[in-house]
Amino acid sequence: QVQFVESGGRLVQAGGSLRLSCAAPGSIFGFNMIGWYRQAPGKQRELVAGISVDGFTNYADSVKGRFSISRDNAKNMVYLQMDSLKSEDTAVYYCNTVGGSRLSWGQGTQVTVSS
């Protein structure tokens, strides 16, 4: 299956930082917009940040000012810098396209924030 591959999640204390990485299955120029999603236990998957092919970004209100999404076109990578982490940020984080057809979901990467 063609999938994005996420990495970088781990256990971190509240207030700490993490940088998640997402490897695209080919050139990221083929995807108009790529986003980071997360799913906490018992909750629906939600979009937390997105970045367009020309660098436009948007964020969920819950992470604005704390998370930053970026992309490295040369490496076909998308990143999520997460600062000032809170316990409610605990979730499995995934990347995928935003809008249109999505690829199969990857394994995700677990982020656990201890308070």
Residues of segment 71-115 that turn out to be in a loop (DSSP other than H, G, I, E, B), in contact (Cβ under 8 Å) with a residue 40 or more places away in the chain and surrounded by fewer than 16 Cβ atoms within 10 Å (Cβ to Cβ), as a count
10
Would you confirm whether or not segment 49-70 contains a residue that is within 17 Å of Gly108 (Cβ to Cβ), touching a Gly at 6+ places or on another chain (Cβ under 7 Å) and either at pLDDT below 95 or open to solvent by 60 Å² or more (accessible area, probe 1.4 Å) (or both)?
no
Test Leu20 against the criterion of being within 12 Å of Val111 (Cα to Cα) and not in a strand (DSSP E or B), and give yes or no.
no
Condition check: closer than 16 Å to Glu6 by Cα and either without any contact (Cβ under 8 Å) to a residue 40 or more places away in the chain or in contact with a helix residue (DSSP H, G or I) (Cβ under 6 Å, 6 or more places away or on another chain) (or both). Does Asp54 satisfy that?
no
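The values are calculated or read from the model by the stated rules, or taken from the named source; none is laboratory data. In this text, all values refer to a predicted model and were calculated from it rather than measured experimentally. Cβ sites come from the backbone with ideal geometry, for glycine too, and all protein chains shown count toward neighbours. For accessibility, only protein heavy atoms count, side chains too; no ligands or nucleic acids. Shrake-Rupley method; radii C 1.70, N 1.55, O 1.52, S 1.80 Å.
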